[in-house]
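Contents: one structure, followed by commentary.
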Amino acid sequence: MQDKKDKYQDLVYNKVNYYEVASQEEKKKIFDFAEGYKAFIDECKTERECSSFAIAEAKEKGFKEYHFGDKLKKGDKRYFVNRDKGVTFFKIGSRPLESEGLRIVVAHIDAPRLDIKQIPVYESDGFCYLKTHYYGGIKKYQWTTIPLSLHGVVVLNDGSKVNIRIGDKEDDPVFYISDLLPHLGANQMSGKASDLISGEQLNVIVGGIPQIDAKNDKIKINTLRMLKEMYGISETDFISAELSATPAMKARDVGFDRAFIGGYGQDDRSCAYPCAQAIFDVDNENTSICILVDKEEIGSEGNTGMKSKVYEDLIDEICYALNVNPRQVRGRSMCLSCDVTAGYDPNFSNVFEKRNSSIVSCGACMNKFTGSRGKSGSSDASAETVGKVRKIFGDNNIVWQTAELGKVDIGGGGTVAKFISQLNIDTVDLGVPVISMHSPYELISKADLYSLYRASLAFLK
Ligand code: MN
Ligand code: MN
């Protein structure tokens, strides 16, 4: 029986748990890598913070800022900043670009959150509130009764910028959205989960002490007075602000064996971090690019999302600077669109088709296609593209897996892959399986995080 199994082993596809096959040395690397990652997601709650954190690390590693029109040469390490909300790192390799093309990894650094409205401040019955407008797909009820922090920028009338980040340090205050007590919640609980709390009820408590000498709206006035003192802003300045309420919970190891990481924003920072580390570490012959992009959660729109022409322009400009034809280069380039996928959750097994689901700790997961129903909205990578990537992973002993999002008829989702493939670049999705995706506290496996780092490193090389 044993012999028979071994003899036919090559005939069958099996997923392997990375922890099970990793050496002691590799297990240590898996755990060490997670420490840097946790520090990153604790420090970075918005795309702006991710972008500046990554730039600071890149500068330490010798990357210099790039502007359109700059001259480039082999060996250059540069970064291009898009409106402080995205950053692209690139290294010019020694192999001929016109025949080899570019190796590109992309991840997004925005995450679902509650954006503060443009006229947000009001007072009611002992509370001062900020009104919010959610960003990205959320289950609204999950955002009540958790500590929230505020992150973002306020642009003043004179054009100067005020940075706000409050709620994540140990001695900071946090902010809070209420939910109904169960004693009075019978009606609420018998309704649809999507109506448990409405968008207009996601109002954040930010104050409660009145300004005694104010005529009316005393708590609001006191809150505005404090904002003026702390940040130099007044109510009107919220008009030109990008402020977000984000979960104020630190990333933590999960499990007695610390196999997992719980934390906010792991879609898609669990891919952004390994991708950035990969381009920092790669000793490459190919010319490689790592794009950390904004606005994926609302459809990759605008001039900071993946649909923006700036990314096509950037690739073209790099090619012009190296005296090669960008059309030729793009046609020979390959891209890993690194975005998280839905990890198989035994608690909710009915929405998954297990054979084609990503199993936690079995490595970074390739999605040949995303989309919904009949693959609608997916770029669907070609067999040839998947074949090339598969060979790279095989040659480099990467523990990885392949899957789709869930059962065919149940739902779906998309990534930036289709926008990159439109540039005539062969693109396939690869990402970390996430449990409780888009919730304020998502779960991933440290093994999968490290697998994505190794996979993107091998790919860029
Ligand atoms: Mn994502
Ligand atoms: Mn997402």
Fill in: Apportionment of accessible area to carbon and sulfur, the chain, percent (1.4 Å)
51 percent
Worksheet entry | Amide N of the stretch 133-155 lying under 13 Å from the label point, which is placed 7 angstrom from the Cα of Gln118 along Cα→Cβ | none
Worksheet item: Cα to Cα, under 23 Å, and not fewer than 8 places away if on the same chain: which lysines meet these conditions relative to Lys375?
Response: Lys295, Lys307, Lys354, Lys388, Lys407, Lys418
Practice prompt. Return the Rg/Rh value of the stretch 113-247, two decimal places, where both radii are evaluated on C-alpha atoms and Rh is the Kirkwood radius.
Written response: 0.99
Fill in: Computed over the chain: relative contact order in percent, which uses C-alpha pairs under 8 Å that are six or more apart
22 percent
Practice prompt. Compute the FRET efficiency between Asp84 and Asn424 as 1/(1 + (r/R0)^6), taking r as their Cβ-Cβ distance and R0 = 30 Å, and round to the nearest 0.05.
Written response: 0.55
Discussion item. Based on alpha-carbon centroids, what's the gap between the stretch 390-461 and the stretch 92-145 in Å, whole number please?
Written reply: 20 Å
Worksheet item: Of all the Cα-Cα pairs you can form in the chain, what percent are over 41 Å apart?
Response: 22 percent
Item to complete: Can you check what the net charge comes to around Met366, using other residues whose Cβ is under 9 Å from the Cβ of Met366 (Lys, Arg +1; Asp, Glu -1)?
Response: +1
Discussion item. Once you keep just the Cα pairs under 8 angstrom separated by 6 or more residues, what percentage relative contact order results for the stretch 113-247?
Written reply: 38 percent
Worksheet, complete the sentence: XL table Lys85/Lys368; Lys139/Lys161; Lys59/Lys161; Lys139/Lys368; Cα-Cα > 25 Å flagged, in table order, is Lys85/Lys368; Lys139/Lys161; Lys139/Lys368
Worksheet entry | Among 371-382, 399-410, 102-113, the order from most to least packed when residues are scored by Cβ within 10 Å on average | 102-113, 399-410, 371-382
Worksheet, complete the sentence: A chain fully extended from Ile166 to His133 at 0.36 nm per residue, minus the present Cα-Cα distance, gains in nm 10.0 nm
Fill in: Packing rank of 445-453, 18-26, where each peptide gets the mean count of other beta carbons within 10 Å, highest leading
445-453, 18-26
Worksheet item: What are the trypsin sites (Lys or Arg not before Pro) within the stretch 135-180 that DSSP puts in a loop, where the Cβ has at most 14 other Cβ atoms within 10 Å?
Response: Lys169
Discussion item. Give the lysines whose C-alpha is closer than 19 Å to that of Lys140, dropping any in the same chain fewer than 8 places away, or say none.
Written reply: Lys45, Lys117, Lys131, Lys192
Discussion item. Taking 35 Å as R0, compute the FRET efficiency from the Cβ-Cβ separation of Ser240 and Glu35 and round it to 0.05.
Written reply: 0.40
Worksheet item: Could you give the distance between the Cα centres of the stretch 217-266 and the stretch 274-332, to the whole Å?
Response: 31 Å
Item to complete: Can you work out the accessible area per residue across the stretch 113-247, with the rest of the protein chains kept in place, probe 1.4 Å, in square angstrom?
Response: 56 Å²
Fill in: Lys375-Tyr8 FRET efficiency (beta carbon distance; Förster radius 45 Å; 0.05 resolution)
0.90
Discussion item. I need the peptides 143-154, 414-425 ranked by packing, meaning the mean over residues of other C-beta atoms within 10 angstrom, with the highest value on top.
Written reply: 414-425, 143-154
Discussion item. For a quick check: with amide H placed at 1.01 Å from N, whose amide H comes under 5 Å from Ala241's, ignoring anything fewer than 5 positions away on the same chain?
Written reply: Val155
Worksheet item: Between Asp125 and Glu353, how many nm apart are label points set 7 Å from Cα along the C-beta direction?
Response: 5.0 nm
Fill in: Low-density loop cleavage sites - trypsin sites (Lys or Arg not before Pro) in the stretch 212-249, where at most 10 other Cβ are within 10 Å (DSSP)
Lys215
Item to complete: Give the accessible surface of the stretch 392-440 per residue, rounded to a whole number of Å², with probe radius 1.4 Å and ligands, DNA and RNA excluded.
Response: 40 Å²
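The values are calculated or read from the model by the stated rules, or taken from the named source; none is laboratory data. Given the structure is predicted, the values throughout are model-derived calculations rather than measurements. Note that each Cβ is placed from the backbone with ideal geometry, even for glycine, and that neighbours are counted across all protein chains shown. Remember, those area values only see protein heavy atoms, side chains included, never the ligands or the DNA or RNA. Shrake-Rupley method; radii C 1.70, N 1.55, O 1.52, S 1.80 Å.
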